[in-house]
Amino acid sequence: MAETENGWKFAQCFGDKGEVEDITEADIISTVEFDHTGDYLATGDKGGRVVLFERNDGKKGCEYKFYTEFQSHEPEFDYLKSLEIEEKINKIKWCKRQNAAHFLLSTNDKTIKLWKVFEKSLKVVAENNLSDGLRPQNGQLSNLRLPKLTHHDTIIAAVPRKVYANAHAYHINSISINSDGETYISADDLRINLWNLNISDQSFNIVDIKPVNMEELTEVITAAEFHPVQCNLFMYSSSKGTIKLSDMRAAALCDQHAKLFEEQEDPSNKSFFSEIISSISDVKFSKDGRYILSRDYLTLKIWDITMENRPLKTINIHDHLRNKLCDLYENDCIFDKFECTFSGDGQNVLTGSYNNYFHIYDREGLTDIALQADKSAFKAKRVGSTKNKMLSRGKSNKKEDINVEAIDFNKKILHASWHPNENSIAVAATNNLFIFTCV
């Protein structure tokens, strides 16, 4: 395995190894998610497919193998609104495993599905009355035998157990399963709904920020997540750069938030792009629920749940792009939604960038490990060198080190997931899934 001085190394890559120009749109990965054990990994793509990977226990280190693939969503058409509904998988969430089967939620823009994935034994008729080539004389056989079924093969089957439809007027951006294992929330641009996993035809609206007059609309919901320990708490982020923590015990409709996490902007930095770049693209709780991680276009912020007025740490990811915002607005890259995630122990954070780079920081923001999920990683693995593909930077890294003109804005790491119990990460780079691990 290709190793770097910071201990991280490229371990595996799944997907077509061809050139970027040949990529089929349907193959582009749109979400990545480890299960609660880290033994299974799921990806969803723009073609509506879900692909599952299983840990390969026969190999040393963190290695995965293909488990199964199924078509989760199909393209649909809303005839009332004359709208095409894409099959693209926006999010996948694993339910905690309770028996031999796996259950997971997957969603596109409008419909959420609960899938059951299980091993199914295929049996065939091994012997019957006609298996010896005998034909009954006058419709009778001297000795009748009962047909016998024998095990032929074991397949991995996926069946949709529940379909949660027609509850969202706008595009679903988040789903999050509660720590009680019974309920989950789904969020679109203006509303958040609470569901029971066993009831597909009824949900409760718990947040509604839609104004009476849509011309007065000033913000939208961008992400939502349940607290990992306390089943009554959840948070949601907005395009205005705020994070609201709500308590479901306080009221049936949680429009009145319990806490508001917001950092006041310096008026001297205000510009035409201020509102766009302050929009939060993703929020995550740490495993213990003490910290919140939020990502906007330029920065990654770590918040303490007990301190609302400012983040504990602000890490500049794209400071070198401040002077390019006009160009990024023109090519729509300024609207890219980068995800972020905590490590299993909550000590490190991860987020993506351009040129297929992603960054791992410690919680204090003192170290910046930049890794590149690049096709040359396989070649490097074969020849045993990745000297220019991964670099570790301390605080001395200056933005002048980065040649902004050389950045390929078509190559970006938007989706990643951190193994819940060890330092291994899964990263989606266009149509490839990369696994990196720390030794």
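Contact order for the chain, expressed relative to its length and based on alpha carbon pairs under 8 Å spaced 6+ residues apart, stands at 14 percent. The charge dipole of the chain, taken about the Cα centre with unit charges on the Cβ atoms of Lys, Arg (+1) and Asp, Glu (-1), comes to about 1520 debye, rounded to the nearest 20.
The phi torsions of segment 224-241, fed into the Karplus equation with coefficients 6.51, -1.76 and 1.60 and a -60° offset, translate into couplings of 8, 8, 6, 5, x, 10, 8, 6, 8, 9, 8, 10, 9, 10, 10, 6, 8, x Hz, rounded to whole numbers, with Gly and Pro shown as x. Comparing 112, 302, 206 in a Gaussian network model of the chain, where Cα atoms under 10 Å apart are tied by springs, the biggest mean-square fluctuation is seen for 206.
A crude spin-label estimate for the pair residue 37 and residue 409, with each label 7 Å from Cα along the Cβ direction, gives 4.4 nm.
When the chain is modelled as a GNM with alpha-carbon springs shorter than 10 Å, which of 220, 125, 229 fluctuates the most? It is 125. Sparsely packed loop sites in segment 49-92 (the trypsin sites (Lys or Arg not before Pro) outside DSSP H, G, I, E and B with at most 15 other Cβ atoms within 10 Å) comprise 59, 60, 81.
By accessible area, using a 1.4 Å probe on protein heavy atoms only, the chain has 47% of its surface on carbon and sulfur.
The residues of the chain present an accessible area of 50 Å² per residue when probed at 1.4 Å with all protein chains retained.
If only the Cβ of Lys and Arg carry +1 and only the Cβ of Asp and Glu carry -1, the dipole of segment 186-342 around its Cα centre is close to 580 debye.
Loop-located trypsin sites (Lys or Arg not before Pro) in segment 258-337 (DSSP state other than H, G, I, E, B) with a sparse environment of at most 11 neighbouring Cβ atoms within 10 Å: 270.
Straight-line cross-link partners of residue 301 among the aspartates and glutamates, defined as a Cα under 13 Å from its Cα and at least 8 positions apart when in the same chain: 262, 263, 282, 339, 362, 364.
Each residue of segment 200-208 is assigned a 3J(HN,Hα), and the resulting list reads 9, 9, 8, 9, 10, 7, 10, 9, 9 Hz, derived from the Karplus form 6.51 cos²θ - 1.76 cosθ + 1.60 (θ = phi - 60°), x at Gly and Pro. Under the combined filter of DSSP loop state and at most 13 neighbouring Cβ atoms within 10 Å, segment 212-281 retains these GluC sites (Glu not before Pro): 265. Just check segment 193-334 against the gyration tensor rule for me: Cα atoms, a ≥ b ≥ c as the square roots of the eigenvalues, rounded for a/c under 1.5, and otherwise prolate or oblate depending on whether a/b exceeds b/c. It is prolate, given that a/c is not under 1.5 and a/b is the larger ratio.
The residue among 342, 47, 325 whose Cα reaches farthest toward the positive pole of the charge dipole of the chain, with charges on the beta-carbon of Lys, Arg, Asp and Glu, is 342.
The values are calculated or read from the model by the stated rules, or taken from the named source; none is laboratory data. Just so it is clear, the model here is predicted, and its values are computed rather than measured. Because the Cβ atoms are built from the backbone with ideal geometry, glycine has one as well, and the counts that use them run over all protein chains shown. Side chains included, ligands, DNA and RNA excluded: accessible areas come from the protein's heavy atoms. Shrake-Rupley method; radii C 1.70, N 1.55, O 1.52, S 1.80 Å.
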